[in-house]
Amino acid sequence: MKTTIFKVLAVLAIGSIQAQAQELYMPRNIKAAYEKGTRALDGKPGKNYWQNSGKYDMTISVTPATKVVAGTETIVYTNNSPDTLKQVTMRFVNNIHKPEAPRSGYTSPDFLTSGLDISNFVVDGEKYTVDSKNWGTVADVKLKKAIAPGKSASFEISWSYPLSKQSGREGQLDSTTYFVAYAFPRVSVYDDYNGWDKIPHTDRGEFYNDFNDYKLTVKAQKNYVVWATGDLLNPDEVLQPAFATKLKNSYLSDEVISMANAAEMKAGKVTLQQEWNSWKFSTKNITDITFAMSNVYVWDAGSVLVDSLKNRRASVQSAYSATATDFPHAVKWTKEALHWFSNNWPGVPYPFSKMTAVQGFADMEYPMMINDSTTPDNEFSQFVLNHEIAHTYFPFYMGTNETRYAHMDEGWATTLEYLIAQDQLGKEKAAENYKNFRVKRWINDPSTEQDQPIISLSTQVSGAGYGNNAYVKPSLAYLGLKDMFGDVLFKKYLLGYMDRWNGKHPIPWDFFHTINDVSGQDLNWYWNNWFFSNNYIDLVLTKVMIKGLSYTVSVNNVGGFAIPFDMKITYTDGTTAVIHQQPQVWRANQKAVTLQFNAKKTVSSIELDGGIYMDATPYNNRWSK
């Protein structure tokens, strides 16, 4: 029998210091952005906020015989900044495959290629001599005519590069199946706090892009189906009539429709039998566009209602090898995820028109697409799919800088992955999975790398430090807010942040200031505790004082994190009670707390249990009479 009728009578340690207003560390360039008024201390975009953008019109082809990607593009880039741009920084992520490119780890020969070859580079009608052989993943191009504030420049670029044989986030999935991501030279981000984003891609960190408009034409040989970010504009020009009709029907269907099975793909029944088909896609105000293509992959499709108020549906598609045992469920799982995220957490209707799950190797998100490996464990495969789809909101809806502040997207995706798992698997199983897959690898590793502050630049921490600073520690911090505020207020505050910053480029301080503002509370003590400290999780139950049926429990917070936890009480007759402590129990004194409760019968033992907040030394969390 459990009872929770007992209440904590005192939560402040004797002699504890009072919580005082705290300031958050802010680098000088971030301070300058607030001083210039591009960002505001109430968490809103400042009155002088700006961001640049581009309109991309691209035609890209992939030649199966040579595995070469070739393209032409026109970029109309608009300078909304107050600065005159005398140069542009161009970014081409796939130069990570060049042998001389700096990388975060070892790679095999199959990963290496010659990289980008630019054959034409024109700005505002004037031809430039560009030697792309000397480019890394970023390169500067000095402009002959600067781009003044409020003005635009037109770039015309022709390029090619070989697909790597080893597929990761992109490359060859098999000999006739390709995932073609980061496939075009783009103008890097120019923002209000760093200027040009010149951080090279090293294959560990992720990405930071402007919100752009895209038109994409993919030229593919007959029998190749193309899946891409954005809406397919010309199904009747690339698909045989029966398949074009099925695709259009899938946009309104609640069922999972087999668009093309393995036999149909092999027999050449799916695409129009022209030597080359031009697949045309379009999407606006989005951070990237990518595509996959295959002449063997199975294709399923359906749709799901994501916004009941507007009666808006999203197309759901999947592409996979006929040998996969998990991907036949991908459309069903994706529909469940889009519906759940739209209506529960974060509770924002899925903002895009489509989501496609492609079987690959990356376990990686892209706007409107995911590239996931196949596994024999359906529960795990669905878990990974949920996580990658959760990235829709962070970073693609919010435009966060994943390269510098990975916790702003991975931490939230990890949180959403846990919350949807509670609904799909039950709270107990979801918590067990979260601990096993996320928390244990951090809390059981006492190395220095694990305890770097979350706010540390993601480019400046090691592999172990990167993973846990990006995923588990920020997720626990966000879930601590949920515990502290309760579901209703937490969602209100989260949506306040998302409403202010969707389609923009928030940084961590914008999140901290926004939650302070919308909650009406100074939470700097919490931000300092979780994001700016070297803390970890380690509570110690140091002493229990008994006076009749009054119990005083002393707890030291050796690790330092302001975590929620349960005080589990067992009575001498075998009955139990639970007294829950929220994170604010640590507000006045983050080192120690004294908890007091009155019992109605004799207590035999008391145990501190953090649940998913796993303790580094659980053996000292228990007292027995």
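Under 9 Å by Cβ, and 6 or more places apart or on different chains, what pairs join a residue from the stretch 613-625 that is at pLDDT 95 or above with one that is of a type in the set (Phe, Trp, Tyr) and open to solvent by less than 80 Å² (accessible area, probe 1.4 Å)?
613/561; 613/565; 614/442; 615/565; 616/536; 621/565
Starting from residues that are more than 30 Å from residue 126 (Cα to Cα), assigned to a loop (DSSP other than H, G, I, E, B) and open to solvent by 40 Å² or more (accessible area, probe 1.4 Å), keep the ones in the stretch 170-207 and report whichever is modelled with the lowest pLDDT.
Looking at residues that are more than 30 Å from residue 126 (Cα to Cα), assigned to a loop (DSSP other than H, G, I, E, B) and open to solvent by 40 Å² or more (accessible area, probe 1.4 Å), I get 204.
Determine which single condition residue 157 fails, assuming it passes every other condition in (1) assigned to a strand (DSSP E or B); (2) in contact with a Lys or Arg (Cβ under 9 Å, 6 or more places away or on another chain); (3) not hydroxyl-bearing (Ser, Thr, Tyr).
In the conditions (1) assigned to a strand (DSSP E or B); (2) in contact with a Lys or Arg (Cβ under 9 Å, 6 or more places away or on another chain); (3) not hydroxyl-bearing (Ser, Thr, Tyr), residue 157 misses (2) alone.
Only one of 518, 553 is buried (at least 18 other Cβ atoms within 10 Å of the Cβ), touching a helix residue (DSSP H, G or I) at 6+ places or on another chain (Cβ under 6 Å) and aliphatic (A, V, I, L, M). Can you tell me which?
Residue meeting the stated conditions: 518.
Collect the residues in the stretch 460-476 that are over 16 Å from the mean Cα position of the chain (by Cα) and either part of a helix (DSSP H, G or I) or under 21 Å from residue 612 (Cβ atoms) (or both), keeping them in residue-number order.
Listed by number, the residues that qualify are 460, 463, 464, 465.
Considering only residues that are among the hydroxyl-bearing types (Ser, Thr, Tyr), within 19 Å of residue 326 (Cβ to Cβ) and open to solvent by less than 10 Å² (accessible area, probe 1.4 Å), which ones fall in the stretch 255-296?
The answer is 294, and nothing else.
Cβ-Cβ distance below 7 Å, separation of 6 or more or different chains: which pairs start in the stretch 322-334 with a residue that is at pLDDT 95 or above and end on one that is assigned to a loop (DSSP other than H, G, I, E, B)?
Cβ pairs passing all conditions: 324/374; 325/376; 326/374; 326/375; 327/374; 331/256; 332/256.
Taking the stretch 90-119, which residues are assigned to a strand (DSSP E or B) and open to solvent by less than 40 Å² (accessible area, probe 1.4 Å)?
The answer is 90, 91, 118.
Restricting to the stretch 259-315, name every residue that is farther than 23 Å from residue 359 by Cβ and either touching a His at 6+ places or on another chain (Cβ under 9 Å) or in a loop (DSSP other than H, G, I, E, B) (or both).
Listed by number, the residues that qualify are 272, 273, 274, 275, 287, 305, 306, 308, 309, 310, 311.
Pick out the one residue from 522, 499 that is under 26 Å from residue 345 (Cβ atoms), modelled with pLDDT of 95 or more, outside any helix (DSSP H, G or I) and of a type in the set (D, E, K, R).
Selected residue: 522, the only one of 522, 499 that is under 26 Å from residue 345 (Cβ atoms), modelled with pLDDT of 95 or more, outside any helix (DSSP H, G or I) and of a type in the set (D, E, K, R).
Going residue by residue through the stretch 443-456, is there one that turns out to be in contact with a strand residue (DSSP E or B) (Cβ under 9 Å, 6 or more places away or on another chain), open to solvent by 20 Å² or more (accessible area, probe 1.4 Å) and of a type outside the set (Gly, Ala, Ser)?
Within the stretch 443-456, one or more residues are in contact with a strand residue (DSSP E or B) (Cβ under 9 Å, 6 or more places away or on another chain), open to solvent by 20 Å² or more (accessible area, probe 1.4 Å) and of a type outside the set (Gly, Ala, Ser).
Return yes or no: is residue 216 of a type outside the set (Ser, Thr, Tyr), at pLDDT 95 or above and either closer than 16 Å to residue 317 by Cβ or part of a helix (DSSP H, G or I) (or both)?
It is false that residue 216 is of a type outside the set (Ser, Thr, Tyr), at pLDDT 95 or above and either closer than 16 Å to residue 317 by Cβ or part of a helix (DSSP H, G or I) (or both).
Please go through the stretch 408-452 and give me each residue that is under 19 Å from the mean Cα position of the chain (by Cα) and either of a type in the set (Gly, Ala, Ser) or assigned to a loop (DSSP other than H, G, I, E, B) (or both), ordered by number.
Passing the criteria: 409, 411, 413, 421.
The values are calculated or read from the model by the stated rules, or taken from the named source; none is laboratory data. Computed from a predicted model, the values in this text were never measured in an experiment. Positions of Cβ are generated from backbone atoms using ideal geometry, with glycine treated the same way; all protein chains shown enter the neighbour counts. Just the protein is used for accessible areas: all its heavy atoms, side chains included, with ligands, DNA and RNA removed. Shrake-Rupley method; radii C 1.70, N 1.55, O 1.52, S 1.80 Å.
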